[in-house]
Amino acid sequence: MSKKILTWMVSALIGGALLCGQAALAAQQQDFSKGQIKVTNISGNIYMLEGAGGNIGASVGDDGIVIVDDQFAPLADKIQAALKDLKITDKPVRFVINTHYHGDHTGGNVPFNNAGSTLIAQDNVRKRLESGGTTGNGGSIKMENRPAEKAALPIITFEHDVTVHLNGEDIRALHFPSGHTDGDSIIFFPKNNVVHMGDDFVRYGFPFIDVASGGSVQGMIDAMEKATAQLPADVKVIPGHGALSNLDDVRAFTKMLKETSAVVQKALNDHKTLEQMKQEKILEPWREKWAPEKALSTPTRSSRRSITRLWATKENS
């Protein structure tokens, strides 16, 4: 059984999935003028910014500013203002690193690029933004994306990793393939003991895995296991969505992915159909904590508003 089918079946059986890529459509109907940017100092000169869309990580210092992801275009001025209000530096946002291509993490690329920021991402992020194409879980969730305008495209791309040396920090972006998408990067701030995991780790419950864009549940598991093996026990973790986390949170998330995948794989090996799995409620032990309607209590109110809930398959429970 292919990784694509396994990933879709786990998503279907868990009771639904949050499609973060669909946030771009929701953005058209949001009033961003009322949105607020919450800034939290995590460690040293590293900050987390929450608003609408994915969490932003920021290194702010005398050399300028590096941000990881940039949410939506209408929020760019508010993000800039929030960084300026820290009164740490009058230098601009010099670099923007995209963790993946979805619109709730790259929507601000154009205004930041126009303001002089250099956009950086893994090779596949540029390719998918440039070409457009399909976002989906391999089953009932599917969305077509238009090609992005030129100003939204990363100027610097990398295959495996890249390091930005700024503010006394070696900010390293490392590619972890085939997890949330095929262009995922996890961003390490080693001096300040902080990591931004993008949407390979989220706090809203069972994750949306963009199978149509090269993602897979096994790739996400591999990313989490390999990343955590490189991190100190007390590292502070910025998730793609949701509250500031730690390695225990990441391990619990990874454990859930491994357990649910194993249960589904066993059922597939036993030649059970999706309908049989649903009737037997094989993932019921995980639904209370990880089904999106339960887990959505974790992210901030603005994060909940910023994304559209799409249900792959609802079980009778």
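The values are calculated or read from the model by the stated rules, or taken from the named source; none is laboratory data. Model, not experiment: these values are computed from the prediction. Don't worry about glycine lacking a Cβ; one is built from the backbone with ideal geometry, like all the others, and counts go over all protein chains shown. For accessibility, only protein heavy atoms count, side chains too; no ligands or nucleic acids. Shrake-Rupley method; radii C 1.70, N 1.55, O 1.52, S 1.80 Å.
Would you check if E159 is closer than 19 Å to G138 by Cβ, without any contact (Cβ under 8 Å) to a residue 40 or more places away in the chain, out of contact with any Leu (no Cβ under 9 Å at 6 or more places or on another chain) and open to solvent by 10 Å² or more (accessible area, probe 1.4 Å)?
When the stated conditions are applied, E159 does not pass them.
Kindly list, by first and then second residue, each pair from a residue in the range 35-53 that is free of Cβ contacts under 8 Å to residues at least 60 places away in the same chain to a residue that is surrounded by fewer than 18 Cβ atoms within 10 Å (Cβ to Cβ) and in a loop (DSSP other than H, G, I, E, B), limited to pairs with Cβ atoms under 9 Å and residues at least 6 apart or on different chains.
Short answer, once both residue conditions are applied: V39/D85; V39/L86; N41/L86; Y47/L86.
Could you tell me which residue of the range 129-147 is farthest from D70 (Cα to Cα), considering only residues that are free of Cβ contacts under 8 Å to residues at least 40 places away in the same chain and outside any helix (DSSP H, G or I)?
This residue is E144.
Tell me whether the range 222-229 contains one or more residues that are open to solvent by less than 30 Å² (accessible area, probe 1.4 Å), charged (D, E, K, R) and touching a Pro at 6+ places or on another chain (Cβ under 9 Å).
No, the range 222-229 contains no residue that is open to solvent by less than 30 Å² (accessible area, probe 1.4 Å), charged (D, E, K, R) and touching a Pro at 6+ places or on another chain (Cβ under 9 Å).
What pairs come up if the first residue lies in the range 194-207 and is closer than 16 Å to K236 by Cβ, the second is of a type in the set (S, T, N, Q) and open to solvent by 10 Å² or more (accessible area, probe 1.4 Å), and their beta carbons are under 6 Å apart, counting only those six or more places apart or on different chains?
V194/S43; R203/T298
Are any of the residues in the range 130-145 surrounded by fewer than 21 Cβ atoms within 10 Å (Cβ to Cβ) and among the hydrophobic types (A, V, I, L, M, F, W, C)?
Yes, the range 130-145 contains at least one residue that is surrounded by fewer than 21 Cβ atoms within 10 Å (Cβ to Cβ) and among the hydrophobic types (A, V, I, L, M, F, W, C).
Checking G205 against (1) small (G, A, S); (2) open to solvent by 10 Å² or more (accessible area, probe 1.4 Å); (3) under 21 Å from L283 (Cβ atoms), which single condition isn't satisfied?
Of (1) small (G, A, S); (2) open to solvent by 10 Å² or more (accessible area, probe 1.4 Å); (3) under 21 Å from L283 (Cβ atoms), only one is false for G205: (2).
Give the range 238-256 a look and list any residue that's of a type outside the set (G, A, S) and buried (at least 22 other Cβ atoms within 10 Å of the Cβ), or say none.
If the condition is that a residue be of a type outside the set (G, A, S) and buried (at least 22 other Cβ atoms within 10 Å of the Cβ), then I238, P239, H241, V250, F253 are the ones that fit.
Mind checking which pairs have a first residue in the range 181-193 that is in contact (Cβ under 8 Å) with a residue 12 or more places away in the chain and a second that is charged (D, E, K, R) and open to solvent by less than 10 Å² (accessible area, probe 1.4 Å), Cβ under 6 Å, 6 or more apart or different chains?
Qualifying pairs under 6 Å: T181/D210; D184/D200; F189/E169; K191/E169.
Every residue, every condition in (1) in a helix (DSSP H, G or I); (2) without any contact (Cβ under 8 Å) to a residue 24 or more places away in the chain; (3) under 22 Å from F208 (Cβ atoms); (4) open to solvent by 40 Å² or more (accessible area, probe 1.4 Å), yes or no:
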residue	(1), (2), (3), (4)
D77	yes, no, no, yes
T99	no, no, yes, no
F112	yes, no, no, no
L119	no, no, no, no
